[in-house]
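Let me begin by presenting the structure, written as structure tokens, before commenting on it.
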Amino acid sequence: MTKDLIAQNIRHLERMLDRMEGDLNSDLDLFSTLFPDSGGYRLPRVYWETTKENYTGRLEMPGAKKEDITVHLDDNVLHIDAKSTRKEDKQQWQSSYSRSMTLPRDIDKDKIEATYENGILNIILPRMASAEPEKKTIVIK
């Protein structure tokens, strides 16, 4: 590789990082508008824990109200949505936040639970008892 090509690639990477930083700042501004009581700019953090019985998710949503949050399942995709309306004097702002995630195949969809308390949305995704994988020998012809 020539020095010119290396320098060109470095400039390209720097431009990509600048765009990513701009996108992140835009997302942070949206979250701050949605949850003005969050105390600063940050995206909701999501923590997942896996045990033999469950996948447990914990989503930080400070400043959100329980009635503004919806959680629903569409096929094998879990959707978490939050909407906020803020009024000051004669102005009104509406914001929304949405996150979707594809669930593992071993989830018992009828037993999913969600609770919200003190700015934390907890989601429990019970795992189904896993059967032994079916094995099949393929005859080579």
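One table, with the values for the structure above:
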{"read-out": "Residue satisfying condition, being closer than 13 Å to Tyr55 by Cβ, of a type outside the set (Asp, Glu) and touching a strand residue (DSSP E or B) at 6+ places or on another chain (Cβ under 7 Å), within set Lys66, Lys83, Lys109", "value": "Lys109"}
{"read-out": "Residue match in the stretch 41-62 (condition: of a type in the set (Asp, Glu), under 17 Å from the mean Cα position of the chain (by Cα), farther than 30 Å from Ala129 by Cα and at pLDDT 85 or above)", "value": "no"}
{"read-out": "Any hit, the stretch 92-103, residues being assigned to a helix (DSSP H, G or I) and within 23 Å of Ala129 (Cβ to Cβ)", "value": "no"}
{"read-out": "So Tyr97, is it among the aromatic types (Phe, Trp, Tyr), modelled with pLDDT under 85 and touching a helix residue (DSSP H, G or I) at 6+ places or on another chain (Cβ under 8 Å)", "value": "yes"}
{"read-out": "Criterion violated by Thr102 - all others in (1) under 15 Å from the mean Cα position of the chain (by Cα); (2) surrounded by 14 or more Cβ atoms within 10 Å (Cβ to Cβ); (3) not basic (Lys, Arg) satisfied", "value": "(2)"}
{"read-out": "Residue within the stretch 63-84 that is in a strand (DSSP E or B), at pLDDT below 85 and either touching a Ser or Thr at 6+ places or on another chain (Cβ under 8 Å) or not charged (D, E, K, R) (or both) present", "value": "yes"}
{"read-out": "Set Ser95, Ser100: member being more than 21 Å from Glu53 (Cβ to Cβ) and touching a Ser or Thr at 6+ places or on another chain (Cβ under 6 Å)", "value": "Ser95"}
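The values are calculated or read from the model by the stated rules, or taken from the named source; none is laboratory data. Everything numeric here is computed off the predicted structure, so don't read it as measured data. A quick note on method: Cβ atoms are made from the backbone with ideal geometry, for glycine too, and the neighbour counts reach across all protein chains shown.
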